[in-house]
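The values are calculated or read from the model by the stated rules, or taken from the named source; none is laboratory data. Owing to the predicted nature of the structure, the values given are computational and were not obtained by experimental measurement. When we count neighbours, we look across all protein chains shown, and the Cβ atoms used for this are built from the backbone with ideal geometry, even at glycine.
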Amino acid sequence: MKKTKSHSSQIVFNKPRAKDVLGSLNRAYKEQKQLFAHVTREENAPQQKFFPYGVERGDVEHRRWLFFATMTDRREMSNVVYESHARLWEREPRLYFEEVLGMSSPEILKTLTREKVGVPRQSAEYWQRSARTLFESFEGDPLTIYQKLESVNGILRFSKGGRGNQKGLLPGFGPKILSLLALFYGELKLMQIPGDAFPVDVHVQRFAISTGIVTAETPTVRSYEIERVLRPFLCNMCMEEGWKPLDLSHALWFLGNKCCSGCCRNAVAKLLCPSYEMCGGAVSTHSYFRQGRWDLTSPRYRRGGDCSFSLPPSPMFP
């Protein structure tokens with residue numbers, strides 16, 4: 001069994017297992033089987049369900065709306081985030097235009113708090129700084145960021161540049177969010193998705209641990225350490241196996257959001273999940289959200305619920 005170890009951590013990848021697990025998931029997604037017979041990217045992905053009123057799909061205003069919406073996306077609550085931004089676009093459109101540069105952080109904070117957008121205090125600070133970079137360095141078009149800097153890593157280097165720039169020129173845009181935004185623009189056929197783009201959120205990390213793709217030589221591992229090495233690993237797997245990152249990313253998010261979360265209560269999980277037989281049970285996300293780390297020694301949740309005690313939950317709302 002071929003395993004590879006990250007040189008910068010105690011994280012170990014099981015590449016043959018990744019090929020089997022991710023390959024079966026990718027096939028189910030492309031063939032619209034099991035869970036993916038019930039959910040599609042076109043109808044159920046948050047960035048597709050919620051849309052800014054009065055704009056053309058893919059135009060510069062839509063691109064800016066996605067830029068700010070994605071900046072506040074925490075992935076475990078994506079539907080709420082994009083719905084709130086669709087509402088915010090109608091009520092406070094200046095937040096998405098150059099006019100926002102004249103707004104103070106407290107003013108932005110008040111608006112985001114009222115509309116329940118993301119984590120308001122953090123988002124307000126990020127919004128002002130990233131908006132200034134967007135309008136002053138890239139003419140207000142976030143697509144230009146990718147066209148000029150070419151890769152996720154290139155954008156990260158740009159954001160960290162400059163003296164005294166401790167918080168970055170694009171705060172809120174780490175590798176996960178930059179990868180996610182790149183997939184959205186690729187989905188709109190606005191650009192080719194960079195080869196180093198793959199959003200590694202809580203769903204992707206939990207899936208990789210629960211299915212044995214990722215293990216560690218320590219009892220706990222920080223989430224950012226997994227993200228740092230899992231992103232290039234998944235990008236390389238996609239390139240080697242001919243998988244489309246857009247397809248695999250959506251498959252992982254839908255599975256995590258609709259099945260993995262609450263799997264132990266879902267009586268039809270075995271029927272819906274393409275990875276059911278290859279999963280050791282979902283690892284708890286408790287320490288992830290409280291401490292920013294995974295506790296690999298915590299007991300796993302059981303796979304699937306029991307039909308004897310409850311009606312099967314809807315696959316749309318597990």
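Determine which member of the set 101, 156, 143, 134 is at pLDDT 90 or above and either more than 23 Å from the chain's Cα centre (by Cα) or not in a helix (DSSP H, G or I) (or both).
Values: 156 fails: either more than 23 Å from the chain's Cα centre (by Cα) or not in a helix (DSSP H, G or I) (or both); 143 fails: either more than 23 Å from the chain's Cα centre (by Cα) or not in a helix (DSSP H, G or I) (or both); 134 fails: either more than 23 Å from the chain's Cα centre (by Cα) or not in a helix (DSSP H, G or I) (or both).
Among 101, 156, 143, 134, only 101 is at pLDDT 90 or above and either more than 23 Å from the chain's Cα centre (by Cα) or not in a helix (DSSP H, G or I) (or both).
Tally the residues that are under 19 Å from residue 197 (Cβ atoms) and either free of Cβ contacts under 8 Å to residues at least 12 places away in the same chain or surrounded by 14 or more Cβ atoms within 10 Å (Cβ to Cβ) (or both), restricting the search to the stretch 135-149.
Going through the stretch 135-149 one residue at a time, the tally reaches 9.
Please determine whether any residue of the stretch 175-195 is farther than 19 Å from residue 66 by Cα, touching a helix residue (DSSP H, G or I) at 6+ places or on another chain (Cβ under 6 Å) and not small (Gly, Ala, Ser).
No.
Kindly establish whether residue 211 is surrounded by 15 or more Cβ atoms within 10 Å (Cβ to Cβ) and β-branched (Val, Ile, Thr). Don't jump to the end; show me each part of the working.
On the way: surrounded by 15 or more Cβ atoms within 10 Å (Cβ to Cβ): yes; β-branched (Val, Ile, Thr): yes.
It is true that residue 211 is surrounded by 15 or more Cβ atoms within 10 Å (Cβ to Cβ) and β-branched (Val, Ile, Thr).
Might you let me know whether the stretch 252-260 holds any residue that is closer than 15 Å to residue 285 by Cβ, of a type in the set (S, T, N, Q) and either in the same structural domain as residue 23 (by TED's automatic domain parsing) or at pLDDT 95 or above (or both)?
Yes; the residues of the stretch 252-260 include at least one that is closer than 15 Å to residue 285 by Cβ, of a type in the set (S, T, N, Q) and either in the same structural domain as residue 23 (by TED's automatic domain parsing) or at pLDDT 95 or above (or both).
Pairs please, first residue from the stretch 97-116 and of a type in the set (Ser, Thr, Tyr), second anywhere and surrounded by 13 or more Cβ atoms within 10 Å (Cβ to Cβ), Cβ atoms under 7 Å, 6+ apart in sequence or on different chains.
105/124; 105/125; 105/128; 111/92; 111/95; 113/120
Hey, among the residues in the stretch 250-306 that are β-branched (Val, Ile, Thr) and more than 22 Å from the chain's Cα centre (by Cα), which one's surrounded by the most Cβ atoms within 10 Å (Cβ to Cβ)?
Ranking the qualifying residues of the stretch 250-306, first place goes to 268.
Anything in the stretch 281-318 that is modelled with pLDDT of 50 or more, small (Gly, Ala, Ser) and either within 16 Å of residue 271 (Cβ to Cβ) or part of a loop (DSSP other than H, G, I, E, B) (or both)? List them, or say none. Let's see the steps before the verdict.
Looking only at the stretch 281-318, we keep the residues that are modelled with pLDDT of 50 or more, and these are 281-308.
Those still in the list that are small (Gly, Ala, Ser) too: 281-282, 284, 287, 292, 298, 304-305, 308.
Within the stretch 281-318, 281, 282, 284, 292, 298, 304, 305, 308 meet the criteria.
Right, residue 64: surrounded by 21 or more Cβ atoms within 10 Å (Cβ to Cβ), in a helix (DSSP H, G or I) and touching a residue at least 40 places away in the same chain (Cβ under 8 Å) or not?
yes
Just need a number here: residues in the stretch 1-34 that are at pLDDT below 85 and aromatic (Phe, Trp, Tyr).
Counting residues in the stretch 1-34 that are at pLDDT below 85 and aromatic (Phe, Trp, Tyr) gives 0.
Go through (1) farther than 20 Å from residue 62 by Cα; (2) free of Cβ contacts under 8 Å to residues at least 24 places away in the same chain for residue 214 and report which single condition fails.
Single failed check for residue 214: (2).
Just to check your reading of the model, which residue among 170, 183 is part of a helix (DSSP H, G or I) and either buried (at least 19 other Cβ atoms within 10 Å of the Cβ) or polar (S, T, N, Q) (or both)?
Criteria check complete, one pass: 183.
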